[in-house]
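Right, one structure below, let's go through it.
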Amino acid sequence: MKLICTQEKFKKALFNSEKITSKQNTLPVLSNVLLEANKNFFKISATNLEIGIEIKIGAKIEREGKIIIPARFLGNFSSNLSGNENMEIETVGQNLKIKNGRTKAIIKGFSAEEFPLIPQKNTEAFLKLNTEVLRNIFAKIIASVAHNEARQELTGVNVIFAEKEILFAATDGFRLAEYVLKITENEINEENYKAFLEKNKSVIIPAGTIVELNKIISNFLENSAVDIIIEEGQIFFEFAGIKMVSRLINGKYPEYKHIMPKSYKTTIIGDKKVLQSALKMASVFADSKANEVVFKIDAQEKKILIDTKSVEAGENSTELNFEVQGETQEVVFNLKYLLDGINTLATDNIVLFVNSETSPVALKELDEKTGQPAENFTYIVMPIKN
């Protein structure tokens with residue numbers, strides 16, 4: 001293998017690939033990346049057997065070939081490179097020679113035959129979504145995924161496919177997030193999508209896959225279309241020369257629609273940043289174990305009193321003049337769960353819907369154009385029973 005490529009493209013591709021490598025010692029080969037020169041492109045691949053990634057970058061290929069190299073050594077070396085000189089990369093036996101300006105290195109590698117095969121798709125994409133759309137959806141949903149492996153299906157995001165929309169949902173039993181994406185004809189291959197719907201109505205994508213995908217999308221900083229393929233218990237994402245494949249979680253996601261109330265007795269509208277500040281202040285005084293915050297909603301006075309207290313720190317209260325419609329109520333929340341939900345909302349003003357001290361509370365963004373709650377995203381949090 002012998003090639004020349006830009007330092008910027010090499011470092012970016014290696015950075016995204018290195019994150020997928022396994023840190024476990026049971027299979028040492030998984031801590032390596034596969035470098036492959038093939039005709040008109042240079043490819044860097046990595047896998048941990050749960051997720052696989054292949055990134056192609058443009059390069060001047062002088063000799064084809066492939067080798068596997070320890071990701072940590074190669075990553076540490078490339079991250080310390082400076083300047084914008086091209087990378088000259090060549091294999092000599094089982095070693096990788098790299099020259100970048102005045103810097104040279106030889107890194108010991110291994111035979112590429114030892115590298116596990118990364119699954120390849122057999123069908124064409126049925127869905128094409130913009131990278132920014134995906135990043136936004138996953139950023140809102142991911143906080144609600146469970147981290148307890150006791151119920152594996154809750155450690156992923158449930159994706160429900162319908163003819164005109166796709167639902168993304170996550171819950172850990174204490175809060176629930178749901179995003180409803182309306183799909184257009186431009187975003188689907190109609191024939192492939194119908195064929196998919198006949199066999200599948202929903203899948204569960206592991207949270208780790210979503211986190212890594214969002215990091216890669218954020219690193220590339222450019223809008224592009226993501227081709228999505230699902231087959232044989234695996235999901236494929238392809239965009240901008242990147243192919244990412246992940247296993248899907250095998251299991252049945254719990255029905256959650258019944259815990260989303262159809263109507264509410266009290267509606268609160270207020271400034272997101274003001275509420276965030278009040279809750280962050282409350283967190284200073286909240287009991288470290290219970291982490292409770294009390295919302296005293298006064299419909300007549302049109303205000304909310306946020307109370308916290310603990311034996312260790314003392315007590316704090318903040319009064320907010322928010323728009324309140326409906327009944328006066330008092331609700332106790334887990335402060336972290338409530339603040340996590342507020343942090344996912346993107347609008348300046350937000351809406352809270354309350355029914356009782358024991359019923360699910362909903363948070364929504366307020367559409368600035370219509371003045372109405374946005375219907376595409378809902379965050380549900382369960383109150384703490386007094």
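Laboratory data are not the source of any read-out in this text; all were calculated from the coordinates shown. Because the structure is a prediction, the values reported are computed rather than measured. Neighbour counts run over all protein chains shown; Cβ positions are idealised from the backbone, glycine included.
Could you work out the Kirkwood radius for the range 48-200, taking every pair of different alpha carbons, averaging 1/r and inverting it, reported in Å?
About 20.1 Å, per the Kirkwood formula over Cα pairs.
Output the pairs from LYS140/LYS303; LYS66/LYS252; LYS243/LYS272; LYS9/LYS182; LYS257/LYS309 with a Cα-Cα distance over 31 Å in this structure; if there are none, say none. Don't skip to the end; give the middle numbers.
Details: LYS140/LYS303 28 Å; LYS66/LYS252 41 Å; LYS243/LYS272 38 Å; LYS9/LYS182 35 Å; LYS257/LYS309 34 Å.
Going by Cα-Cα distance, LYS66/LYS252; LYS243/LYS272; LYS9/LYS182; LYS257/LYS309 fall outside the 31 Å limit.
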Dividing the mean separation of Cα pairs under 8 Å (6+ apart) by the residue count of the range 2-114 yields a relative contact order in percent of 29
Along the Cα→Cβ direction, 7 angstrom out, place labels at ASP348 and VAL311. What is the inter-label distance in nm?
4.5
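Let me make sure I get this right: for the range 127-247, a, b and c are the square roots of the gyration tensor eigenvalues over alpha carbons, sorted descending. Under 1.5 in a/c it's rounded, otherwise prolate if a/b > b/c, else oblate. Which is it? Working shown, then result.
Details: a/c = 1.56, a/b = 1.20, b/c = 1.30.
Oblate, since a/c reaches 1.5 and b/c is not below a/b.
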Report, to the nearest 10°, how far helix 335-344 tilts away from the longest principal axis of the Cα atoms in the chain, using its own Cα long axis and a range of 0 to 90°.
60
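Using the beta-carbon distance between ALA290 and LYS2 and R0 = 51 Å, what value does 1/(1 + (r/R0)^6) give for FRET efficiency, to the nearest 0.05?
Details: r = 63 Å, r/R0 = 1.24.
My answer for the efficiency is 0.20.
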Using a simple charge model, +1 on the beta-carbon of Lys and Arg, -1 on the beta-carbon of Asp and Glu, nothing else, what dipole does the chain show about its Cα centre, in debye to the nearest 20?
1380
In the structure shown, of LYS97/LYS121; LYS201/LYS296; LYS12/LYS39, the pairs separated by more than 31 angstrom at the C-alpha atoms are LYS97/LYS121; LYS201/LYS296
Considering all projection directions equally, how large on average is the shadow of the alpha-carbon convex hull of the chain, in square nanometres?
23.2
Enter the angle in degrees (range 0 to 90, nearest 10) between the Cα long axis of helix 272-285 and the first principal axis of the Cα atoms of the chain, meaning the one along which they spread out most.
90
Taking θ = phi - 60°, what integer Hz values does the Karplus form 6.51 cos²θ - 1.76 cosθ + 1.60 yield along the range 159-173, in sequence order, with x for Gly and Pro?
10, 10, 9, 9, 4, 10, 8, 10, 9, 10, 9, 8, 8, 10, x
Cα centre as origin, Lys/Arg/Asp/Glu Cβ charges: the range 127-247 dipole, Debye:
340
Please give, to one decimal in nm, the separation of the simple spin-label points placed at ALA195 and SER283, each 7 Å out from Cα toward the Cβ.
4.8
Prolate/oblate/rounded label for the range 222-292 (Cα gyration tensor, a/c 1.5):
prolate
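First obtain the Kirkwood hydrodynamic radius of the range 2-114 from its Cα pairs, then insert it into the Stokes-Einstein equation at 37 °C and 0.692 mPa s, and state the resulting D in µm² per second as a whole number.
On the way: Rh = 13.9 Å.
In µm²/s, the coefficient is 236.
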Can you find, among VAL145, PHE115, VAL180, the residue sitting farthest towards the positive end of the charge dipole of the range 101-189, where Lys and Arg contribute +1 and Asp and Glu -1 at Cβ?
PHE115
Gaussian network model of the chain, Cα springs within a sub-10 Å range: biggest mean-square fluctuation belongs to which of ILE259, ILE55, ILE242?
ILE259
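Per the Cauchy relation, a quarter of the hull surface: what is the mean projected area of the convex hull of the alpha carbons in the range 115-190, in nm²?
Working: hull surface 28.9 nm².
Convex hull of Cα atoms, orientation-averaged projection: 7.2 nm².
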How far is helix 207-220 tilted, in degrees, relative to the longest principal axis of the Cα atoms in the chain, given as a value from 0 to 90 rounded to the nearest 10?
70
